[in-house]
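Below is one structure, written out as structure tokens; the observations come after it.
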Amino acid sequence: MKQSQIFSKTIRDNPKDEESVNAKLLVRAGYVEKVMAGVYNFLPLGLRVFKKIENILRKEMNLLEGEEILLSALQPKENWLATGRWESYDTLFKFLSHYSKTEYVLGPTHEEIISPLAKKNIVSYRDLPRYLFQIQTKFRDEKRAKAGLLRGREFTMKDLYSFHSDEADLDEYYEKVQKAYEHIFEKAGIGDLTYLTFAFGGSFSKYSHEFQTLTPAGEDTIYICDTCKIAVNHEIIGEQDSCPKCGNKKLRKETAVEVGNIFKLKTKFSEPFGLKFKDENDQERNVLMGCYGIGLNRLMGTIVEIHHDENGIIWPESVAPFKAHLILIENSEGEIKKSADEIYNNLLADNIEVLYDDRDLSAGEKFADADLIGIPWRVVVSEKTLREGKLELKSRKKETGELISYDNFAKAIN
Ligand code: ATP
Ligand code: MG
């Protein structure tokens with residue numbers, strides 16, 4: 001993609017209405033645009049990152065044998081009355097239709113929709129287990145939405161729901177999802193800082209688990225056991241002050257953000273909706289459920305909170321909008337562009353995702369934008385590099401680059 005043609009522009013100064021690092025950088029670099037507190041538009045660059053994250057998630061969901069669906073964002077009040085969450089769900093967006101005077105919910109999550117849907121398709125033990133997931137927009141009336149992409153009032157979630165005939169089957173799948181989540185956060189470049197965290201399990205299970213990533217931008221406090229490399233959250237520490245795995249009492253207090261969570265719902269939602277199945281002996285039993293969520297926006301924001309410096313974002317390659325940022329430094333005679341165009345076409349032909357800064361700007365301005373945007377590899381074509389018959393390659397993580405031939409460069413970044 002040519003930078004001269006890209007819709008979004010970079011902004012030099014930090015936006016005054018943003019407090020968080022992730023929003024400041026993502027807005028300035030032209031990834032997202034703020035519509036109002038907690039609501040963002042995704043611009044071309046931002047959507048590329050978003051889709052990379054989406055693909056990482058979808059791949060893991062497919063490995064977990066999840067079937068992809070897309071559930072309604074607009075939801076009937078009755079379903080929320082049925083579970084009692086019309087009253088108890090504290091960030092529920094409720095609104096009134098002016099025509100029918102009927103009240104609706106803008107879905108913050110989908111247990112109230114998927115449970116009655118499952119009831120129509122799950123009849124006998126032969127229909128179990130089932131794994132359904134979606135990547136879909138959620139709405140939550142968050143009181144404070146000041147953390148940029150970390151806490152939106154509108155955001156995209158990957159939510160997976162599993163349906164089982166017995167606890168052993170639910171437990172086994174839950175473990176598999178836990179492993180898949182570890183892969184996801186590893187691939188997204190936040191594995192080192194992400195802790196499996198024991199959380200309150202509700203009335204049906206002792207624990208649920210959160211995946212908490214260490215960052216000062218987070219709004220949660222967790223307590224890490226360095227022996228087990230796990231953590232417990234504030235709800236657990238309220239009841240017991242030791243590691244649930246090894247009993248260690250020396251826990252380290254840290255600030256973190258919840259990037260995902262997994263929960264054994266068991267019969268919490270199957271009961272109110274009468275989601276039952278007939279077992280081998282023709283006995284009716286409640287279906288057991290699990291739910292597993294990851295916020296895509298929050299994950300994207302967390303990656304930025306962790307991977308940046310004072311000049312801008314430093315994307316992990318797995319989610320970067322492009323692999324290479326080709327930068328043309330033109331001379332006064334205008335001789336360099338032809339070579340840079342050629343290199344751009346070669347990169348495209350070699351299937352290397354490239355953003356080509358072909359704009360009529362100074363080297364300083366281009367380098368500043370490149371640092372802000374944070375593409376992993378910067379490739380400079382200038383009078384100097386051409387004289388040597390080479391390119392200048394620099395990793396966004398490093399201070400200095402090296403002169404390299406095109407062939408070696410393609411190898412180096414692959
Ligand atoms: P929090 O305690 O941070 O509000 P939550 O417990 O309400 O999170 P869940 O209902 O479990 O979150 O949602 C599943 C996942 O969706 C979370 O792990 C997180 O990744 C994401 N998520 C939740 N709320 C938001 C939000 N307001 N903006 C962006 N992502 C969110
Ligand atoms: Mg919440």
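The values are calculated or read from the model by the stated rules, or taken from the named source; none is laboratory data. Since this is a predicted model, take the numbers as computed values, not measurements. When we count neighbours, we look across all protein chains shown, and the Cβ atoms used for this are built from the backbone with ideal geometry, even at glycine. Surface accessibility is based on the protein's heavy atoms, side chains included, excluding ligands, DNA and RNA. Shrake-Rupley method; radii C 1.70, N 1.55, O 1.52, S 1.80 Å.
For the chain, the longest principal axis of the C-alpha atoms and the axis of helix 44-63 are separated by about 50°. The GluC sites (Glu not before Pro) of the stretch 319-392 meeting both criteria, a DSSP state outside H, G, I, E and B (loop) and at most 13 other C-beta atoms within 10 angstrom of the site's C-beta, are Glu333, Glu335, Glu388.
Look at where the Cα atoms of the stretch 293-324 and of the stretch 335-394 average out, and the two centres are 22 Å apart.
Across Leu26, Leu296, Leu63, mean-square fluctuation computed from a Gaussian network of the chain (C-alpha pairs under 10 Å connected) peaks at Leu63.
Applying the criteria of a DSSP loop state and at most 16 other Cβ atoms within 10 Å to the GluC sites (Glu not before Pro) of the stretch 4-55 yields Glu19.
In the context of the full set of protein chains, the chain has a per residue accessible area of 48 Å² (1.4 Å probe). Across the stretch 12-116, Cα-Cα pairs more than 22 Å apart make up 56 percent of the total. Would you mind checking Lys9/Lys384; Lys206/Lys276; Lys59/Lys411; Lys34/Lys264; Lys9/Lys51; Lys206/Lys249 for any pair whose Cα atoms are more than 31 angstrom apart? Distance filter (> 31 Å) returns Lys34/Lys264.
In the chain, the longest principal axis of the Cα atoms and the axis of helix 167-187 are about 10 degrees apart.
Partner lysines whose Cα lies under 16 Å from the Cα of Lys143, excluding those fewer than 8 positions away in the same chain, are identified as Lys94.
Of the trypsin sites (Lys or Arg not before Pro) found in the stretch 1-98, the ones in coil according to DSSP and having at most 15 other Cβ atoms within 10 Å of their Cβ are Lys9, Arg12, Lys16. Counting protein heavy atoms only, the chain has 48 percent of its accessible area on carbon and sulfur, 1.4 angstrom probe. Put simply, the convex hull of the Cα atoms in the chain casts, on average, a shadow of 24.3 nm². The stretch 83-137 and the stretch 215-284 have Cα centres spaced 23 Å apart. Relative to the longest principal axis of the C-alpha atoms of the chain, give the angle of the C-alpha long axis of helix 296-306, reported between 0 and 90° and rounded to the nearest 10°. Helix 296-306 sits at roughly 50 degrees to that axis.
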